[in-house]
Every structure is written in structure tokens, then in C-alpha cells.
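Coordinate-derived values only; no laboratory data. A quick note: this is a predicted structure, and the numbers were derived from the prediction, not measured. Cβ placement follows ideal geometry from the backbone for every residue including glycine, while neighbour counts extend to all protein chains displayed.
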Amino acid sequence: DTIIITEGENVTLYCAFTLSVGFNGLRWYKVNPGTGPVHIINAASKEKKIEGIFTLDFQGDICTLHIQHPSVSDSALYLCGVHA
């Protein structure tokens, strides 16, 4: 989905997943046009984690990525990847 915000307005992205085996971690990536994915934050367990402007939260099999006060340079495609 495309999300349009005003610069500085906090944003939340969601990553829902279903695993038939145990959870072994999750990573979020930022992809700018013309470049490959860049790792921005990861979690080895389903616990809250904060790194800079990024916060990860888990509720069951849904991970939320909160971006605090994003700037124009944070405009990108964001992807999540789950390790099973």
C-alpha cells in the first residue's frame, strides 16, 4: 500500500506473517529508487526494539514498524522479511 504523510508526521507500517515453524527473527529493509534493499532494523525475538527513529513492536504474528518524525529522505519502499 502507498502511504502519504506530511514530513514529521509519525507513521506505522505493518508486517503480518504466518509460520508453520518457529520464529527466528524479522528484518525491515528500506529500498530507494534505483538501489537495492538496505537493512534498517531487525529483531531476533518478538520483543519491542528501538533503534534511532525506528521502533519495532509485535502483537502475535503482526510486526509494526513505527517511524518517528520522518523526513523527506525517509520516503522509500519498506519491506519486511521473516526468518523461519
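Considering Cα pairs under 8 angstrom that are at least six residues apart, work out the relative contact order of the chain and quote it in whole percent. For the chain, the relative contact order is 41 percent. Across q = 0.16, 0.19 Å⁻¹, the chain modelled as identical point scatterers on its alpha-carbon atoms has Debye log10 I(q)/I(0) values of -0.61, -0.85, in the order of the q list. Each other residue within a Cβ distance under 12 Å of residue 68 adds +1 if Lys or Arg and -1 if Asp or Glu, for a net charge of -3. Electrostatic bookkeeping for residue 49 treats Lys and Arg as +1 and Asp and Glu as -1; over the other residues with beta carbon under 12 Å from its beta carbon, the sum is 0.
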